[in-house]
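What follows is a single structure, written as structure tokens, with notes after it.
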Amino acid sequence: MAGFIAAGTSEGATDENPPEDIYDTATADSEDVTVDYTANITKEDILKLGQKMYETGQLNRQLTQDEADLFARNYEKMGRLKEIADHAELEAHKAHSADINVPEDAYRHVLWSYLLTKEYGPEFALQVTNAREQGDNTNTPAEHRQDYNNNKVGISYAKKGYEEKDILKRVMEDPKVIRYVRRTTYK
């Protein structure tokens, strides 16, 4: 995950003896933005961090208001959430580059929601994926329907216990996956 280091939990850490890695750092414009997990993180803090990461290429889009709100309430998960999103994006891009018949967007959404569900459960995965779609004005209504649908498909795959290695094949064959939505106008 480029420029974003997630603090983990240190063995033996207690309230009296906090872990040494209590701070996360995101590098933006050669400045360090430090997040103290003991402080109150606001939606505005998350939006500022997201903007700096977008400006420096660490994010490929700006955060939605709903994402910022969700991340402010779950800031300890932000690093891992970014890793999961980056992994899904990379795998979808690689698969599409190897075979142009692979629907990159559909695969990315299914894999992303699948991985979120495996890591955090279906409820939180749905919150994260919905927060991405809500307030996003870069997609058409049809593209949003496709993304919502494919996110739910990925959640269902995780709940059914499918293995990650089988997700691409399912994306290619499952009639519940919406593979392509034609965009008639571009923004």
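A short reminder: the numbers here are calculations on the coordinates, not readings from a lab. Everything numeric in this text was worked out from a predicted model, so none of it was measured. Don't worry about glycine lacking a Cβ; one is built from the backbone with ideal geometry, like all the others, and counts go over all protein chains shown.
Summary of values
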item: Net charge contributed by nearby residues that have their C-beta within less than 9 Å of Asn151 (K/R +1, D/E -1); result: 0
item: Rounded FRET efficiency, nearest 0.05, which uses the C-beta distance separating Ile100 from Thr138 and R0 of 25 Å; result: 0.60
item: Stokes-Einstein translational diffusion, region 29-155 - Kirkwood Rh over all Cα pairs, 0.692 mPa s, 37 °C, in µm²/s; result: 214
item: Relative contact order [Cα under 8 Å, 6+ residues apart], region 43-173, whole percent; result: 25
item: Ranking of Thr56, Thr129 by count of other Cβ atoms within 10 Å, fewest first; result: Thr56, Thr129
item: Lysines whose Cα lies under 21 Å from that of Lys165, excluding same-chain neighbours fewer than 8 positions away; result: Lys82, Lys94, Lys118, Lys152, Lys176
item: Residue order, fewest to most surrounding Cβ atoms within 10 angstrom, among Ser113, Ser97; result: Ser97, Ser113
item: Within region 130-144, backbone nitrogen closer than 17 Å to the virtual label 7 Å beyond the Cα of Lys159 toward Cβ; result: 130
item: Residues Asp105, Asp166, sorted so that the one with the fewest Cβ neighbours within 10 Å comes first; result: Asp166, Asp105
item: Loop-located chymotrypsin sites (Phe, Trp or Tyr not before Pro) in region 108-187 whose Cβ has at most 12 other Cβ within 10 Å (DSSP); result: Tyr180, Tyr186
